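The values are calculated or read from the model by the stated rules, or taken from the named source; none is laboratory data. Given the structure is predicted, the values throughout are model-derived calculations rather than measurements. So basically every Cβ, Gly included, is an ideal-geometry build from the backbone, and we count neighbours across all protein chains shown. Note: areas computed on protein heavy atoms with side chains; ligands, DNA, RNA excluded. Shrake-Rupley method; radii C 1.70, N 1.55, O 1.52, S 1.80 Å.
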Amino acid sequence: MSFFSPGKKAKDKEEVVEETLLTEYDKYYRLAYSYVGNPDDAADIVQEGAYQAIRYCDTLQNISYVNTWIYRIMLNEIFAFCRKSKREVLPMEEAPEQGKDDTYEDVDLIQALEQLDEKDRAVIVLRYFEEYKLGEIADILEENLSTVKSRLYRGIKKLRLHLENEWIWEED
């Protein structure tokens, strides 16, 4: 995405943040919904995250990382909401969305994801559902790449064990 137009000065940070929020809204919503399982709560989280992003857009140091910066804000809002509500994450219902098909259809996988630590879950959701690269995930979560890799492999192992145990119980 280019932030420059011929004959115009670079867009200011607020304009870029607003544009990114509008174009990437569905991704932010899906991320929030994957944690809270409630469309109203997910919308509230994204709205609060958008408000925070616009309010503090002057703190964005490098405009080329605007999407990563907003993802970090959204994750912080999600984690704060989950801690504040102190409720169990509900199984996901079908989320309304535009664009590509929703890949959150496997109920066993959803239940297994709900068993993970919130940061481990974030790595897996961002990697496999939102298709971010590990370096981008490290930037979003403000963690070392090696930490993200560890979280990914640990999360996959936990998912595999959970799903294998579910499968074994169903066979009996």
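Annotation note: Cβ proximity below 6 Å between a residue of segment 45-60 that is closer than 16 Å to E19 by Cβ and a residue that is open to solvent by 10 Å² or more (accessible area, probe 1.4 Å) and of a type in the set (K, R) (sequence gap 6+ or interchain) occurs for C57/K13; L60/K13.
Screening segment 140-150 for residues that are at pLDDT 90 or above and assigned to a helix (DSSP H, G or I) and picking the one that is surrounded by the fewest Cβ atoms within 10 Å (Cβ to Cβ) gives S146.
Looking at this structure, is D41 open to solvent by less than 50 Å² (accessible area, probe 1.4 Å) and either part of a helix (DSSP H, G or I) or out of contact with any helix residue (DSSP H, G or I) (no Cβ under 9 Å at 6 or more places or on another chain) (or both)? Quick ask: steps written out before the conclusion?
Numbers: open to solvent by less than 50 Å² (accessible area, probe 1.4 Å): yes; either part of a helix (DSSP H, G or I) or out of contact with any helix residue (DSSP H, G or I) (no Cβ under 9 Å at 6 or more places or on another chain) (or both): yes.
Yes; evaluated as a whole, the condition is true for this residue.
Only one entry in I124, I140, I110 is of a type in the set (V, I, T) and touching a Pro at 6+ places or on another chain (Cβ under 9 Å), namely I110.
Quick one: which of I137, I110 is free of Cβ contacts under 8 Å to residues at least 24 places away in the same chain and touching a Lys or Arg at 6+ places or on another chain (Cβ under 8 Å)?
Working: I110 fails: touching a Lys or Arg at 6+ places or on another chain (Cβ under 8 Å).
Result: I137 is the single residue among I137, I110 that is free of Cβ contacts under 8 Å to residues at least 24 places away in the same chain and touching a Lys or Arg at 6+ places or on another chain (Cβ under 8 Å).
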